[in-house]
Amino acid sequence: MKYVIGVIQPDRLDDVLKRLTDEGVHLVTVSNVVGRGRQKGVAQVYRSHKEQGSLLKKVKLEIAVNEAFVEKTVRAISEGARTGEIGDGKIFVLDLGECIRIRTGERGNEAIG
Ligand SMILES: Nc1ncnc2c1ncn2[C@@H]1O[C@H](COP(=O)(O)OP(=O)(O)OP(=O)(O)O)[C@@H](O)[C@H]1O
Ligand SMILES: [Mg+2]
């Protein structure tokens, strides 16, 4: 199991969610966050309305998946979020130790999707 974290531009969220659905990935946690990348939070002019001090508004997606869905998830996020401009975002893939569905007590692959 992996835990995929994507940090993307807010205006790419709808497209990323559609691509995830098309790949069969339906379960997701979405948060509004602020952050900065290697430009240290300096926005491009046309994106400057998103500035908040030196931190820029981003959307974070968190998705726990079985191994078979890792590449599909990464592809949906990267293809949906890419414009080719700085600040398009980043994807982190972490090993996931456990997943527990609280209602049933199921664990691991049974609980994840
Ligand atoms: N190393 C990192 N650790 C934690 N969060 C990060 C890291 N890199 C990027 N982020 C998060 O992702 C957001 C988008 O990053 P961004 O796309 O600007 O990355 P970048 O490395 O600066 O690449 P680019 O040059 O394409 O802009 C940041 O605002 C931050 O929230
Ligand atoms: Mg950047």
In whole Hz, the Karplus estimates of ³J(HN,Hα) for segment 97-106 (6.51, -1.76, 1.60; θ = phi - 60°; x where Gly or Pro) are x, 7, 9, 10, 7, 4, 4, 10, x, 4
The chain - mean residue ellipticity at 222 nm from DSSP helices (-39,500 (n - 2.57) per run, n ≥ 4, rounded to 500): -6500 deg cm²/dmol
Quick check for you: with a 1.4 Å probe and neighbouring chains kept, what is the accessible area per residue of segment 2-112, in Å²? 63
Of the accessible area of the chain, computed with a 1.4 Å probe and all protein chains kept, carbon and sulfur make up a percent value of 51
Compute the distance in nm between two label points, each set 7 Å from the Cα along the Cα-to-Cβ direction, one at Ile91 and one at Glu23. 0.5
Given H placed 1.01 Å from N in the peptide plane, which residues other than close sequence neighbours of Glu106 have an amide H under 5 Å from its amide H? Arg101
In the Gaussian network model of the chain, springs joining C-alpha atoms below 10 Å, which of Lys40, Lys60, Lys18 carries the largest mean-square fluctuation? Lys40
Output the 0 to 90 degree angle, nearest 10, between the alpha-carbon long axis of helix 13-22 and the longest principal axis computed from the alpha carbons of the chain. 30
Under a 5 Å amide H to amide H cut-off, with H placed in plane at 1.01 Å, what residues pair with Val34 once short-range neighbours are removed? Lys58
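The values are calculated or read from the model by the stated rules, or taken from the named source; none is laboratory data. None of these values were measured; they are calculated from a predicted model. Virtual Cβ from ideal backbone geometry, glycine too; neighbours counted across all protein chains shown. The protein model used for the area step is the full one, side chains on, heavy atoms only, and it has no ligands, DNA or RNA in it. Shrake-Rupley method; radii C 1.70, N 1.55, O 1.52, S 1.80 Å.
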